[in-house]
1. Separation between the K174 and S437 pseudo-spin-labels, each 7 Å from Cα along Cα→Cβ, expressed in nm?
2. Using 7 Å Cα-to-Cβ label points, what is the R100/D336 separation (nm, one decimal)?
3. If you take the Cα atoms of segment 94-170, find Rg, then find the Kirkwood Rh from the mean of 1/r over all pairs, what is Rg/Rh?
4. Given R₀ = 35 Å, FRET efficiency for L194-A226 by Cβ-Cβ distance, to 0.05?
Amino acid sequence: MRPAQSVAAATHVANETVAVRPGSAASQSLEAQTALLPYALAAFAVGLPIFAWVCSFAADRFWMTASLVIFAINWAAFYGLVDWMKRNPTSRTDTALRTRLHVLGGLLWACAVVQITLLGLGAGPAREEVLLLAAGAAAVCVFFSAPCLPTLLIVAPAACAPPILALYASEATKPSGRLTLAAIALVMALSLILNRLLRGLFILAGDRERLIEERAGSLAEARKLARSKSDLVATLSNEIRNGLTGVADVLAAAAGAGGRTAPSREQLTAALGSAQDLIKVLNATLDSETAEAGRLSVARRPYDPARLARELVLLNGPVAAGKRLELAIHVDEPLDDPANGAVVGDVVRARQVLSNLIDNAIKYTVRGRVEVRVEQLADQRLRFAVADTGPGLSDEELDMAFETFARIERTGAGVPGAGLGLSLSRRLAQLMEGEVSAQSAMGVGSCFRLDLPFDPAARSETAADAPPRPSTAERGPRSLRIMMAEHDALQAAMLRAVLEQLGHLVVHAQNGRRARDLAQTCDFDLIMLNGKLAEVDGPRTIQAIRRLDSPVGRAAIVAVIDGDADEARACLDAGANTVMRRPVTVANVARALAAARRDAKDAPARPALTVVDQAS
């Protein structure tokens, strides 16, 4: 019964040396045959003495010796195959190769059945017994090849045909041949049924493995999200507390608390810095969460990299001078001419990334200099490099610096921030088909690099880079009569202060109903209203104003929103000319007023889709 071990042995070889994807039907079938290996060994242990006893009655002892030699050759071939597969790890993932080796192993033992059949043909008085023994060995081969369908369909006919044909070759053994044929057919049918059942189980097991993997992935993602939210809450709580504490102290002084009649200039400057730091943290947090959710998009248009870098160096010059740092810029000579090409990408996001790198360099550098370099690389790439003489970072600290909410305690103590700038910069650079990288040496300084696509044939749209400015004909009177509709007292005070700082006259309506009544009785040049007004919401208030048969019904309207895209679309559909997203700043409001007046003049019948936010 030595052939009974054939398929199981081949399976053992394949499973010992080849790794296939868990859960697939092919791997499951091979694993099932591996599980049958102990039973094949038991069948061999029982069958070998029977084989030796039956063959002892054969007339030709040479053929019996040849059968034993074939058995030894088969085992040597299997263990040689095991050794070869262990020395060739690249073939471990090839399922097709594993199946071929499995079939080859089964055919080797089918050859052993052929050898036993040849022994039976010359066995004399023991002819029929030896041939029946060969048929039994073939049936065992069929059974142990049942889990793998290719092996079953190839090995089973090769092993069963020789003993059946030998039994039919003699009239004396034909009755035994018919019984053997029926028995083999029954074994083959049962093996096919077993294979079908096992394949169904393999598919279910594969589905189960996939469900387990998906569940584990979902669980890991949930843990990551929970960890991210926990870090977000902890970071924001700390930064908001620090920022608002400074503002609250100044407000308390302004209100006369503590015996002070008015805050000092230094207190106002500190409060303004705290508020600006808080706004930066909130903006970075919102952008980071948007990028994490995959909802952050970037535009693609050409812009002048040299101009962008010089603007940011000029903007950060006073901050560097206040710390007595030298802030320098170097631009490769060909890049000074915009006709030599442009960076293709989102200028707003590029400004955000480069501004963060320059801001970090100034923030963490105590003495020395910060240098911004703009240089063209090969393969149509351009590099912004920001080098500083700060404390420097080790390799481990440099890796940690790009992690979300991670801050380096050695260098970040006492410096405000949420640990989001570099991780967000790297995400934004990837969205622009670029890369943010860095190198640093402790005690020497750091150099952070932003690489972006560069097109030598592109031409920058310099007018598009600058904020929109109305022409002289579009400006009209400097002082506008503006109706401001805002139900929130703090937001109303902030917006009124900005509008009056710009030189405009402001009338405040506390809700949508009051705004509608004022529009019917007063003459206004422009209307600014909250998209979520009390009593009558923003879109319905805009519709009511647009229905008025008066100059106010054709006045420019600016909707002020918190950032909801559905809210913006509702206001624009109702008739607003421009949507302005908070936070309210002087530059933000000035852009919104200019855009609204231009849109109202150019397309009074259909407002343009103009959205003004802080990033622009």
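1. 8.4
2. Label at R100, label at D336, 6.6 nm between them.
3. 1.06
4. E(calc), rounded to 0.05, equals 0.15.
Quick note: the coordinates plus some simple rules give every number you see, no bench work behind them. Source: prediction; values computed, not measured. No Cβ is skipped: glycine too gets one built from the backbone with ideal geometry, and neighbour counts run over all protein chains shown.
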